[in-house]
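Derivation of every value follows stated rules applied to the coordinates shown; laboratory data play no part. Every value quoted in this text rests on a predicted model; they were computed, and no experiment measured them. Note that each Cβ is placed from the backbone with ideal geometry, even for glycine, and that neighbours are counted across all protein chains shown.
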Amino acid sequence: MERLVLKASDVFIFIYLKKIMIILAAVIATLVVLFISIGYYLSAPVYQGPVSDHFTGKEFISPGGVKAKGLGEVLQWMVKREQGPWTEIKDNKGTTLPTERIDSGLHITFINHTTFLIQVDGINILTDPVWSERTSPFTWAGPKRMRQPGVKMEDLPPIDFIVLSHNHYDHLDITTVQELVKKHQPKIITPLGVKAFLHEEEIKGVQDMDWWDEKKLTNNISIQAVPAQHFSGRGMFDRDKTLWCGYIFKRKTGNLYFAGDTGYNETTFKEIGEKCAPIQVSILPIGAYKPTWFMQNIHTSPEDAVKIFVETKTEWAVASHFGTFPLADDGQTEPIEELKEALNKYKINPEKFLPLREGSKLELK
Ligand SMILES: [Zn+2]
């Protein structure tokens, strides 16, 4: 029988390999701990409250139980990603300064992404304000701004209200909100649970709303939170732990619908149209919809937005959620091109559903 005899050099290699394995395991363990710690640190406070038809006691659910895709599908998308073209546009030409206040009537100025300055019957409202360079928890990584805001922050008129549709980074940009609070002290309206995150950031004057809650903003205008098909979360442990919503601004001469961030389904928008009629103007998302298999649960395509326009019986619509941050695989101009095609398909006058240029506005009486 042959005996296994280890040479001195074999023993040396064995000890050396063992050391490398131990160091490698320690590095991997440290990275995992670091990753989980960052995920925990970024997570927003979890909402606690009574169970409802869209809150299980632990998490919120979209109409029909539609959910955003999970980590496995995110990885699948990342591996096969085919992104359309984007180019950085350094300046927005031909923008005009907003008026200080509009005593009566309605001006909607497109600033970027889902940020609009709504000037209505004497008050100024900002939706989902984002002026940061990236929509991310980090200043060095995450979707980068490809176009400057249509209105500089220093050129804003006094801001009375900020409405936030949910807590994703491209809608709740905490740096922007902090700057606006310092300068304008606006009241802030949020969906259930988001107030706690803003309080943690020392921001006061925040009111949470559940779907269908209604509050008075002034004697002439009230706001109602309405359902949306989306999800929420800022870190690893807060997925769907706070609510997402759209808002209806109710006024005597016709209501305004800000849809926030939503996917399409056949019931939600018909219900909003019936309960909140007449809707004079809607702000509807048209971007971040490709690839369809991944995005359709959470984001509308231009054609979906046109269906919402029809189902809510809206008179005018303005497009949002396109052209600023490359969040999905649709290229920079694809949403506008596909919106034109969808309006043509549904035989709708293209002047009734406008993809406004950043810094330009829709004026209605
Ligand atoms: Zn979102």
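Given the structure, is ASP238 under 26 Å from LEU42 (Cβ atoms), of a type outside the set (A, V, I, L, M, F, W, C) and surrounded by fewer than 20 Cβ atoms within 10 Å (Cβ to Cβ)?
Numbers: under 26 Å from LEU42 (Cβ atoms): yes; of a type outside the set (A, V, I, L, M, F, W, C): yes; surrounded by fewer than 20 Cβ atoms within 10 Å (Cβ to Cβ): no.
For ASP238, the condition - under 26 Å from LEU42 (Cβ atoms), of a type outside the set (A, V, I, L, M, F, W, C) and surrounded by fewer than 20 Cβ atoms within 10 Å (Cβ to Cβ) - is not met.
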(message) If I filter the stretch 335-344 for residues that are crowded, with 24+ Cβ neighbours inside 10 Å and hydrophobic (A, V, I, L, M, F, W, C), do I get at least one hit?
(response) yes
(request) Could you list, in sequence order, all residues of the stretch 249-279 that are touching a strand residue (DSSP E or B) at 6+ places or on another chain (Cβ under 6 Å), surrounded by fewer than 23 Cβ atoms within 10 Å (Cβ to Cβ) and touching a residue at least 40 places away in the same chain (Cβ under 8 Å)? (result) GLY254, CYS276
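Go over the candidates PHE237, PHE325 one by one and state the one that is over 30 Å from ASN219 (Cβ atoms) and away from the ligand (no atom under 15 Å from the Cβ). Spell out the reasoning first.
Details: PHE325 fails: away from the ligand (no atom under 15 Å from the Cβ).
Within the list PHE237, PHE325, the selection yields PHE237.
Count, please, the residues in the stretch 123-154 that happen to be closer than 23 Å to SER360 by Cβ and outside any loop (DSSP other than H, G, I, E, B). Break it down into steps so the answer makes sense when it comes.
If we filter the stretch 123-154 for residues that are closer than 23 Å to SER360 by Cβ, which is where we start, we get 123-133, 135, 145-154.
Imposing the further condition that a residue be outside any loop (DSSP other than H, G, I, E, B) reduces the set to 123-127, 147, 153-154.
Total satisfying the criteria: 8.
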(request) Starting from the stretch 283-308, take each residue that is within 16 Å of the ligand (Cβ to nearest atom) and list its partners that are of a type in the set (Val, Ile, Thr), counting only C-beta distances under 6 angstrom and pairs at least six apart or across chains. (result) ILE283/VAL318; LEU284/ILE308; PRO285/THR300; ASN297/VAL66; ALA305/ILE286
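From the set of residues in the stretch 155-170 that are over 18 Å from LYS361 (Cα atoms) and not in a loop (DSSP other than H, G, I, E, B), which is nearest to the ligand (Cβ to nearest atom)?
This residue is VAL163.
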(message) With the structure loaded, tell me whether TYR47 is touching a residue at least 40 places away in the same chain (Cβ under 8 Å), assigned to a helix (DSSP H, G or I) and under 27 Å from the mean Cα position of the chain (by Cα) or whether it fails that test.
(response) no
(request) May I ask you to list the residues in the stretch 210-237 that are closer than 13 Å to ILE248 by Cα and in contact with a Phe, Trp or Tyr (Cβ under 8 Å, 6 or more places away or on another chain)? (result) LEU217, ILE221, SER222, ILE223, GLN224, ALA225, VAL226, PRO227, ALA228
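Restricting attention to the stretch 217-273, which residues are assigned to a loop (DSSP other than H, G, I, E, B) and among the β-branched types (Val, Ile, Thr)?
Kept after step one, since they are assigned to a loop (DSSP other than H, G, I, E, B), are these residues of the stretch 217-273: 217-221, 227-245, 251-254, 259-267.
Hits for the stretch 217-273 are THR218, ILE221, THR242, THR253, THR262, THR267.
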(request) Determine which single condition THR190 fails, assuming it passes every other condition in (1) within 16 Å of the ligand (Cβ to nearest atom); (2) surrounded by fewer than 17 Cβ atoms within 10 Å (Cβ to Cβ). (result) (2)
